[in-house]
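In what follows, a single structure is set out as structure tokens and then discussed.
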Amino acid sequence: MNRSGFARLAIGTGLVIVLGLAVAPYLSTRPAVNCDAWGMQFFETASVQEVRACVEAGADVMARDLYNDETPLHWAASFHTQPAVIELLLDAGAEIEARGFRGFTPLHRASQFNWNPAVIEALLDAGADPTAHQHRGETPLHLAASAHPRPAVIALLIEAGADVMVEDDLGLTPLHWAGATNVRPAIVEALVDAGADVAARSSSGDTPLHWAAQHAHDAVMVEALIGAGADVTARNAAGATPLHSAARRYPNPAVMQVLLDAGADVEARDGTGRTALHLAASASETPDAVEFLLDAGAGTSANDDSGRTVRDYLLANDRLKRYRTSYQALLERTPAPD
């Protein structure tokens, strides 16, 4: 056996050997298929017939990828759109609960990457565990909530026994993940309809709205969570509101506008006495968020608990100094206290 686990076999009539175990069914209307390398690229393009040819030629269905220790079933679950391929590999002896990189199972991979619910259904029908945790505590439902575009997948996993309130190692629920990284409000709706709590707290006290405000690519998931009843005034363990979270990392004026429209207090202070404007002045890479908060009426004279003003944070932010005219205008709008 070579490292990938595939035997160098002699293949019978009608199949061509290329670099080990390679086959060309149909005597060559398609290029030879290299069964020694049935990883991501193979399963993105291979037909059901080509997968069957590799299996029948003796390719090892429990071969491990050199880079992430994952099996052909992991790759098929991630990228192949036909449930028949899942069934072929399982019938040939693939392990449904094989663990790969960071403890991911094939169902983890399908829930994150495969847009065809039928593939996920095939894994579940074969006994895949919808409650399996990988090394950081993430379940298939966490991954589906974070990345999958179809609410049907959420429903499939929950119907199979996934817990809508399950937590990962940071105390984050699938709804936290959905708010932070998905872009489809229907996923929030599906989770909430299944019993997800919009007020759930992570180990640091963050609600899903805190996470969405800090990590979301745009405002749509923030709007979805607020529409589902999320509290814009909720405080985490550090005393921060979702508006503080929005201002803390790559501040997005569109997200902050949605929060303010829903009743967020622009002058709220976190546990260290900082307002959203203090945080935006420190974290921003462009002037937009600071300008937005100033236009929204944020005060400029307040000191945080260490005695620093908004102007102090602006003066320490070298990234903003690239925008000379805008940066100077911000300093003029945040004069030093008398």
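The values are calculated or read from the model by the stated rules, or taken from the named source; none is laboratory data. Note that the coordinates shown come from a computational prediction; the quantities given were computed from them, not determined experimentally. Because the Cβ atoms are built from the backbone with ideal geometry, glycine has one as well, and the counts that use them run over all protein chains shown.
A few notes on this one:
- Flag for residue 152 being under 22 Å from residue 193 (Cβ atoms), small (Gly, Ala, Ser) and surrounded by fewer than 17 Cβ atoms within 10 Å (Cβ to Cβ): yes
- Any hit, segment 63-75, residues being touching a helix residue (DSSP H, G or I) at 6+ places or on another chain (Cβ under 8 Å) and over 30 Å from residue 168 (Cα atoms): no
- Residue 257 closer than 17 Å to residue 198 by Cα, in contact with a Phe, Trp or Tyr (Cβ under 9 Å, 6 or more places away or on another chain) and among the polar types (S, T, N, Q): no
- Candidates are the residues of segment 126-165 that are of a type in the set (A, V, I, L, M) and within 16 Å of the chain's Cα centre (by Cα); the one that is modelled with the lowest pLDDT is 147.
- Of all residues in segment 146-162, those satisfying the criterion of being in a helix (DSSP H, G or I) and of a type in the set (Gly, Ala, Ser) are 146, 147, 152, 155.
- Hits in segment 227-252 - residues which are assigned to a helix (DSSP H, G or I) and surrounded by fewer than 18 Cβ atoms within 10 Å (Cβ to Cβ): 227
Residue-wise test of (1) in a helix (DSSP H, G or I); (2) farther than 18 Å from residue 187 by Cβ.
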position: 76; (1), (2): yes, yes
position: 110; (1), (2): yes, no
position: 122; (1), (2): yes, yes
position: 129; (1), (2): no, yes
position: 144; (1), (2): yes, no
position: 164; (1), (2): no, no
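- Annotation note: of 300, 325, 286, the sole residue that is farther than 15 Å from residue 275 by Cβ and assigned to a loop (DSSP other than H, G, I, E, B) is 286.
- Only one of the listed residues (259, 315) is free of Cβ contacts under 8 Å to residues at least 60 places away in the same chain, within 26 Å of residue 207 (Cβ to Cβ) and either in contact with a strand residue (DSSP E or B) (Cβ under 9 Å, 6 or more places away or on another chain) or not in a loop (DSSP other than H, G, I, E, B) (or both). That residue is 259.
- For the criterion of being over 22 Å from residue 181 (Cβ atoms), among the polar types (S, T, N, Q) and outside any helix (DSSP H, G or I), residue 272 passes.
- Which numbered condition residue 213 misses (of (1) touching a Pro at 6+ places or on another chain (Cβ under 8 Å); (2) within 27 Å of residue 325 (Cβ to Cβ); (3) surrounded by 22 or more Cβ atoms within 10 Å (Cβ to Cβ)): (2)
- Segment 303-312: number of residues that are basic (Lys, Arg) and in a helix (DSSP H, G or I): 1
- Tally of residues being in a helix (DSSP H, G or I), farther than 14 Å from residue 88 by Cβ and touching a residue at least 24 places away in the same chain (Cβ under 8 Å) across segment 30-67: 4
- Residue ID - nearest to the chain's Cα centre (by Cα), chosen from residues in segment 186-209 that are surrounded by fewer than 19 Cβ atoms within 10 Å (Cβ to Cβ) and not in a loop (DSSP other than H, G, I, E, B): 186
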